[in-house]
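*Asks:* Take a look at this one; I'll ask things after.
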Amino acid sequence: ARWKLAAVLVAVGAVATLDGLAPSAAAVLLGLFLLRLARLPGAWVRARLFLFAFSALPFLLVLPFTLGGPGWAAGPVHVSERGLLVGSAVLCRAVAIGSFALVLVGTAPLHHTLAAAHRLKLPGLLVQLAVLAYRYAFLLAEEMRRLRVAMRARGFR
């Protein structure tokens with residue numbers, strides 16, 4: 001687990017420093033290949049990769065209109081080719097980093113990964129906070145489910 005965590009951290013750092021659309025697209029392909037090798041459930045992976053892509057979507061929507069350079073003009077609106085490429089590269093990097101994270105999270109139990117992080121000299125307090133947050137996320141979700149059932153049973157709308 002330590003080697004996998006260290007490798008994913010190095011890969012995420014390398015992907016974050018990429019510049020340009022072609023290397024970013026190659027990183028996405030590598031991440032998708034690793035997801036395929038991990039044999040994770042397709043619906044689970046798609047839902048989470050969609051969230052990573054959705055978080056980077058504002059860059060793809062804003063950068064073509066804010067960066068200068070050659071492009072296309074549609075009346076008063078100028079769409080920059082450079083902005084479109086940079087926004088696409090940001091989207092690709094987000095999906096690539098998300099796929100690496102999904103490989104890490106989906107192939108080992110979280111407590112093994114957090115124990116490996118502690119053995120890699122991550123401060124114990126941070127590891128304990130992560131374990132606590134993970135535990136209470138499920139506890140709060142279960143409590144919310146119980147409250148919804150109770151509200152429905154009493155006819156609350």
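*Asks:* How many times 2.2 N^0.38 Å is the alpha carbon radius of gyration of the chain? The partial results should precede the final answer.
*Replies:* Details: Rg = 20.5 Å, N = 157, 2.2 N^0.38 = 15.0 Å.
Working it through for the chain, the quotient is 1.36.
*Asks:* Where does helix 2-16 land angle-wise versus the long Cα axis of the chain, in degrees 0 to 90, nearest 10?
*Replies:* 30 degrees
*Asks:* Just to confirm the number: angle between the C-alpha axis of helix 110-119 and the first principal axis of the chain, 0 to 90 degrees, nearest 10?
*Replies:* 80 degrees
*Asks:* Here's something else I'd like to know. Per the helix-only calculation at 222 nm, which mean residue ellipticity applies to the chain, given -39500 (n - 2.57) for every DSSP H run of n ≥ 4 and division by its residues, nearest 500 deg cm²/dmol?
*Replies:* Working: 6 runs with 124 residues, N = 157.
For the chain, the value works out to -27500 deg cm²/dmol.
*Asks:* Taking all protein chains in place and a 1.4 Å probe, what share, in percent, of the accessible surface of the chain do carbon and sulfur account for?
*Replies:* On the chain, the fraction of accessible area on carbon and sulfur atoms equals 71 percent.
*Asks:* To test your reading of the geometry: what angle, between 0 and 90 degrees and rounded to tens, separates the Cα axis of helix 124-153 from the longest principal axis of the chain?
*Replies:* Orientation of helix 124-153: about 80 degrees from the principal axis.
*Asks:* Please list ARG46, ARG2 in order of solvent-accessible area, largest first, computed with a 1.4 Å probe with all protein chains present.
*Replies:* Largest accessible area first, the list is ARG46, ARG2.
*Asks:* Also, I was wondering about something else. Can you order the peptides 82-93, 15-26, 127-138 by their average number of other Cβ atoms within 10 Å per residue, highest first?
*Replies:* On the way: 82-93: 21.1, 15-26: 15.5, 127-138: 12.2.
The peptides rank, most packed first, as 82-93, 15-26, 127-138.
The values are calculated or read from the model by the stated rules, or taken from the named source; none is laboratory data. Just so it is clear, the structure is predicted and the values come from calculations on it, not from any experiment. So basically every Cβ, Gly included, is an ideal-geometry build from the backbone, and we count neighbours across all protein chains shown. Just the protein is used for accessible areas: all its heavy atoms, side chains included, with ligands, DNA and RNA removed. Shrake-Rupley method; radii C 1.70, N 1.55, O 1.52, S 1.80 Å.
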